[in-house]
1. Peptides 9-16, 88-95, 26-33: what's the order by average Cβ count within 10 Å, highest mean first?
2. Which entry in [x] 9.5; [y] 8.3; [z] 11.7 is this structure's computed mean projected area of the Cα convex hull in nm²?
3. How long are the semi-axes of the equivalent ellipsoid of segment 72-145, defined as square roots of 5 times the Cα gyration tensor eigenvalues? Whole Å, largest first.
4. Please state the charge dipole magnitude for segment 6-142, taken about the Cα centre, from unit charges on C-beta atoms (+1 on K and R, -1 on D and E), reported in debye and rounded to the nearest 20.
5. Where Lys and Arg each count +1 and Asp and Glu each count -1, what net charge lies around Ala137 among other residues with Cβ under 13 Å from its Cβ?
6. Please determine, in degrees from 0 to 90 and to the nearest 10, the orientation of helix 30-39 with respect to the longest principal axis defined by the Cα atoms of the chain, where the helix direction is its Cα long axis.
7. Taking Cα atoms, how many degrees apart are the long axis of helix 6-26 and the longest axis of the chain, rounded to 10 and kept between 0 and 90?
8. Do the sum for the chain: with -39,500 (n - 2.57) for every DSSP H run of n ≥ 4, divided by all residues, what is the mean residue ellipticity at 222 nm, to the nearest 500 deg cm²/dmol?
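Just so you know, all these numbers are worked out from the coordinates, no wet-lab data involved. Bear in mind the structure is a predicted one, so any value in this text is a computation, not a measurement. Quick reminder, even Gly has a Cβ in these numbers, built from the backbone with ideal geometry, and neighbours come from all protein chains shown.
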Amino acid sequence: MNVPDGQAKHRARAAALQMLYQCEVGRAGADESIVSYWAAENADADLGEPLREFANRLVRGTIDRRDEIDGMLANHAQNWRVERMNVIDRLVLRLAVFEMLTETDTPSKVIINEAIELARSFSGDAAVGFVNGVLDAVRKELRRA
């Protein structure tokens, strides 16, 4: 199996974020969101099966561990309650924290940079500092390099 390039993995993370958005806003379950995302005409059809599975794992895991992740976010998002955060910012943060918790082969710096790029693309430049600050604090709590 070829190691996926960074751009392809970024696209898988973006797909996961969009599925999480469907779960959050559309009140859909993880499996329903996954099926409908990949069935859509505009889905990232050229992502190979390993990257689709990576995206699906991120979605399912982020949802399964949401309470734990939200507790960590609440501890580090000063003056922000998790439920009051911008939806996209909250989902980017959850996704990145889940990845920090489970993808131990991926350096925290890479996960945080990916989250910053997702925030910039889907939320805007104003979200970048917030996402970076919260994730760096979570990284320190997890004692990750």
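1. Per-residue mean Cβ counts within 10 Å order the peptides as 88-95, 9-16, 26-33.
2. [y]
3. With the √(5λ) rule applied to segment 72-145, the semi-axes are 18, 14, 10 Å.
4. Once rounded to the nearest 20, the dipole reads 320 debye.
5. +2
6. 50
7. 80
8. -24000 deg cm²/dmol
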